[in-house]
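Inspection log for the structure reproduced underneath, given as structure tokens.
The values are calculated or read from the model by the stated rules, or taken from the named source; none is laboratory data. Predicted, not measured: the structure shown is a model, and the values here were computed from it. Quick reminder, even Gly has a Cβ in these numbers, built from the backbone with ideal geometry, and neighbours come from all protein chains shown. These accessible areas exclude ligands, DNA and RNA; they are computed on the full protein's heavy atoms, side chains included. Shrake-Rupley method; radii C 1.70, N 1.55, O 1.52, S 1.80 Å.
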Amino acid sequence: MKLAAQLHPLLGLLPLRLPRALGGLDDHLRARWLVRGTGPCDIAVVRRPTQLLSSLLVFELRRDTGSVVVKHSRNERGATTVCREWEILRRLADDDRLEPWRPLLPRAIGPYPDSTSGTLVQNRLPGVDAELLLQRNRQDPHRIAAPALRMLAELRDAVGHRRPVAGRVTPWIEPHLAILSTELRRYGAGREATALEALRHRLDAALAGAVLTEGWTHGDYHPGNVLLDGEPLRVTGVFDWGNAHPDGPCEIDAYNFVLALRATLTGRSPGHQVADILRAGHLSEADRALLALAAVNPDEGVVDPVALPLLTWLWLVADNLRKSWRFMYSRWWVADTVTPVLRESLRWAGARS
């Protein structure tokens, strides 16, 4: 955090996505150093959208006997992330309801990570990530999205229970709002604090009387975390379970996937997409058709169809802030992902007063 404080005047002006060569300049050497003395191996750094000083270094370690994926923490937040994911993977492995999907889930290998400089090792899952497939074939996103969304419907039926939201509003909303208030310090006072309070009231009103499915919720279910293979395409793996909750609102995974799909295809951030939904008061017909693949009806179980997009956005923003301090210092990210939704929440609150 000391380094972050020294750099933050510059960090706020930098994008989250950096040129591939710049973002991975020393990653390969760092990975080599981590596995020194372990014998002959091949290393491939996972080149996902890179964040400056991101919390994790992720690379694939290949040997003749097989391959594993290594997640190594760069800082304290990264260590917390890998420790939590290790625990989640163990809980997934112990859940008998998930037996039919066991081959699609990563397994934690080795002991519990060190809490200060954690490293998580897990088996490598087969397939190609759906985001890469979308970038190669933007003309037919339905073919790529369909198997990923249909699997969500199957999982929800296996592990979820329909329940009134009234008793779950506090644990599903308040911890995430607290993260926004704490990490984005500008929202602790003044007009920004009023915007955050308007968001709370909008969520409370949107979820009033709602009935949703409680169960295993991935929390970061987007095309980059879903692996596909075969013809026709089928899901061969789902990874990055560090944001998962065994008793979350299952429906938000489908919304998360659709928001990320649109972001990949159009370049429009989830923040701007959700702000559009808040202004319109409903989802587009194209997004409703995608959600139907996951057996999610935006009008079922909620009085206000903006409830789930807004809840999905809250979880997404809070989890990003929790995993990496990089987000809190990025004025670009806040302006692109956070501000549009809070501005619409303020407008809604003003219209009601």
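Couple of notes before you dig in:
- Residues located in segment 330-353, provided they are of a type in the set (Gly, Ala, Ser), open to solvent by 10 Å² or more (accessible area, probe 1.4 Å) and part of a helix (DSSP H, G or I): Ala335, Ala349, Gly350, Ala351
- Qualifying residue in segment 204-215 (condition: touching a His at 6+ places or on another chain (Cβ under 6 Å), of a type in the set (S, T, N, Q), open to solvent by less than 50 Å² (accessible area, probe 1.4 Å) and within 22 Å of Asp299 (Cβ to Cβ)): no
- Filtered by the rule that a residue be assigned to a loop (DSSP other than H, G, I, E, B), exposed (fewer than 15 other Cβ atoms within 10 Å of the Cβ) and not acidic (Asp, Glu), segment 292-302 gives a lone residue, Asn297.
- Residues in segment 268-285 that are in a loop (DSSP other than H, G, I, E, B) and over 11 Å from Asp336 (Cα atoms): Gly281, His282, Leu283, Ser284.
- If the condition is being outside any helix (DSSP H, G or I) and more than 22 Å from Trp325 (Cβ to Cβ), then segment 174-217 contributes Ala208, Gly209, Ala210, Val211, Leu212, Thr213, Glu214, Gly215, Trp216, Thr217.
- Matching residues, segment 269-284, being in contact (Cβ under 8 Å) with a residue 24 or more places away in the chain and hydroxyl-bearing (Ser, Thr, Tyr): Ser269
- Some residue of segment 270-291 being open to solvent by 10 Å² or more (accessible area, probe 1.4 Å) and under 15 Å from the mean Cα position of the chain (by Cα): yes
- Residues located in segment 150-190, provided they are more than 30 Å from Ala335 (Cβ to Cβ) and open to solvent by less than 50 Å² (accessible area, probe 1.4 Å): Met151, Leu152, Ala153, Leu155, Arg156, Ala158, Val159, Gly160, Val165
- Among residues of segment 218-227, those that are in a loop (DSSP other than H, G, I, E, B) and small (Gly, Ala, Ser), counted: 1
- Residue within segment 228-248 that is touching a residue at least 24 places away in the same chain (Cβ under 8 Å), in a loop (DSSP other than H, G, I, E, B) and either in contact with a Cys (Cβ under 7 Å, 6 or more places away or on another chain) or under 22 Å from Trp332 (Cβ atoms) (or both) present: no
- Residue within segment 313-329 that is outside any helix (DSSP H, G or I), touching a residue at least 60 places away in the same chain (Cβ under 8 Å), open to solvent by less than 50 Å² (accessible area, probe 1.4 Å) and β-branched (Val, Ile, Thr) present: no
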